[in-house]
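Undergrad: Here it is: the structure, laid out below.
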Amino acid sequence: MKFASVLFASAFAFSIVPFTCSIAVAEEPATAPADAAKASDSGKVLGDPDGPLTPEEKAEKASRQACKVDLCKAFHSTDASASDIACHVVKSWRKEQLVKLVGKLKVTWPYDGAHCSTDLSVKRGDLVKAMTEPKAEVVFVKHTVTCSIASEKKGATDFSFDLTPKVTFENGKAIKAQAQWGKIEAPTLIKSALWTATAADNTVNILSGSIVEEVNEFITKRCDEVKDQWAAKQ
């Protein structure tokens, strides 16, 4: 998850999708949307899995590499003339990672791990603007995320949801963010729980701090990991 590694790898594939795919099957929230304003978001709760990556996690990480390099090139360039960024992003999440994340929304995670994907589409000019203008608000195109959640008792459950991320940048750093959750397609019980959690986040923006931290870490630390590759393409 140092896509966060929630919307899913976008500094957004690597940072927003994790949030989208992870609050999705919370059972009943411990706090109602009206009480959510009392919750605080102290920042990032995700991280690389404890212990070595599994073969599946290694393969997924390798599949995201080209997209990561392209995003980093855009973030660290002043040239907006190249083609926009389009990637198919796949990410699996361990149960313990999801438990930690959804706890921020005062909900529980009664399932095992999750496997999510999205077709990432980002306008290169938006990323250049975010890094070169004194202040810029970037509204990304709507993305649909599809997930499969495992459960030893109930088997796999599939669902999807839309989000239209909005991030405000100042002097090359993200300072504010909203996931802006949209349509949900899921079994009735899951849809009800997901709708409650996402409605709360849309209202009081509980996860803003975490998204901001993930985006800024992607632009700096994550991009440094592949600097030789994106710098060679400048």
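Undergrad: Can you name every residue in the range 94-120 that is within 17 Å of the chain's Cα centre (by Cα), at pLDDT below 80 and either under 30 Å from residue 77 (Cα atoms) or open to solvent by less than 30 Å² (accessible area, probe 1.4 Å) (or both)?
TA: Those that are within 17 Å of the chain's Cα centre (by Cα), at pLDDT below 80 and either under 30 Å from residue 77 (Cα atoms) or open to solvent by less than 30 Å² (accessible area, probe 1.4 Å) (or both): 97, 98, 101, 102, 104, 105.
Undergrad: Here is a further query. If residue 162 satisfies every condition in (1) in a strand (DSSP E or B); (2) over 20 Å from residue 220 (Cα atoms); (3) open to solvent by 50 Å² or more (accessible area, probe 1.4 Å) but one, which is the exception?
TA: (3)
Undergrad: Could you please find all residues in the range 201-210 being open to solvent by less than 10 Å² (accessible area, probe 1.4 Å) and within 16 Å of residue 164 (Cα to Cα)? Steps first, please.
TA: Taking the range 201-210 first, the residues open to solvent by less than 10 Å² (accessible area, probe 1.4 Å) are 201, 207, 210.
Those that are open to solvent by less than 10 Å² (accessible area, probe 1.4 Å) and within 16 Å of residue 164 (Cα to Cα): 201, 207.
Undergrad: Looking only at the range 201-216, decide whether some residue is under 22 Å from residue 109 (Cα atoms), in a strand (DSSP E or B) and touching a Leu at 6+ places or on another chain (Cβ under 9 Å).
TA: No - not one qualifying residue is present in the range 201-216.
Undergrad: Select from the range 151-169 the residues that are of a type in the set (Asp, Glu) and under 20 Å from the mean Cα position of the chain (by Cα) and list them in ascending order. Working first, answer last.
TA: Taking the range 151-169 first, the residues of a type in the set (Asp, Glu) are 152, 158, 162.
Scanning the range 151-169 gives 158, 162.
Undergrad: Based on this model, can you work out whether residue 182 counts as outside any helix (DSSP H, G or I) and either closer than 30 Å to residue 151 by Cα or open to solvent by 50 Å² or more (accessible area, probe 1.4 Å) (or both)? Full working, then the answer.
TA: Working: outside any helix (DSSP H, G or I): yes; either closer than 30 Å to residue 151 by Cα or open to solvent by 50 Å² or more (accessible area, probe 1.4 Å) (or both): yes.
Taking the combined requirement at face value, the residue satisfies it.
Undergrad: Can I ask one more? Filtering the range 174-233 down to residues that are under 16 Å from the mean Cα position of the chain (by Cα) and of a type in the set (Phe, Trp, Tyr), which residue is nearest to residue 66 (Cα to Cα)?
TA: The extreme case among them is 218.
Undergrad: In the range 129-143, which residue that is open to solvent by 70 Å² or more (accessible area, probe 1.4 Å) and assigned to a strand (DSSP E or B) is farthest from residue 202 (Cα to Cα)?
TA: 135
Undergrad: Let me ask another. Go through (1) charged (D, E, K, R); (2) at pLDDT 85 or above; (3) exposed (fewer than 14 other Cβ atoms within 10 Å of the Cβ) for residue 123 and report which single condition fails.
TA: Going through the list (1) charged (D, E, K, R); (2) at pLDDT 85 or above; (3) exposed (fewer than 14 other Cβ atoms within 10 Å of the Cβ), residue 123 breaks only (3).
Undergrad: Just to be sure I understand, how many residues within the range 187-224 are touching a helix residue (DSSP H, G or I) at 6+ places or on another chain (Cβ under 8 Å) and modelled with pLDDT of 85 or more?
TA: Going through the range 187-224 one residue at a time, the tally reaches 6.
Undergrad: Among the residues of the range 51-93, write down those that are exposed (fewer than 15 other Cβ atoms within 10 Å of the Cβ), under 20 Å from residue 115 (Cα atoms) and among the charged types (D, E, K, R).
TA: Within the range 51-93, 56, 58 qualify.
The values are calculated or read from the model by the stated rules, or taken from the named source; none is laboratory data. Remember, predicted model here, so these are calculated numbers, not experimental data. So basically every Cβ, Gly included, is an ideal-geometry build from the backbone, and we count neighbours across all protein chains shown. When the accessible area is computed, the model is the full protein with side chains, heavy atoms only, and any ligands, DNA or RNA have been set aside. Shrake-Rupley method; radii C 1.70, N 1.55, O 1.52, S 1.80 Å.
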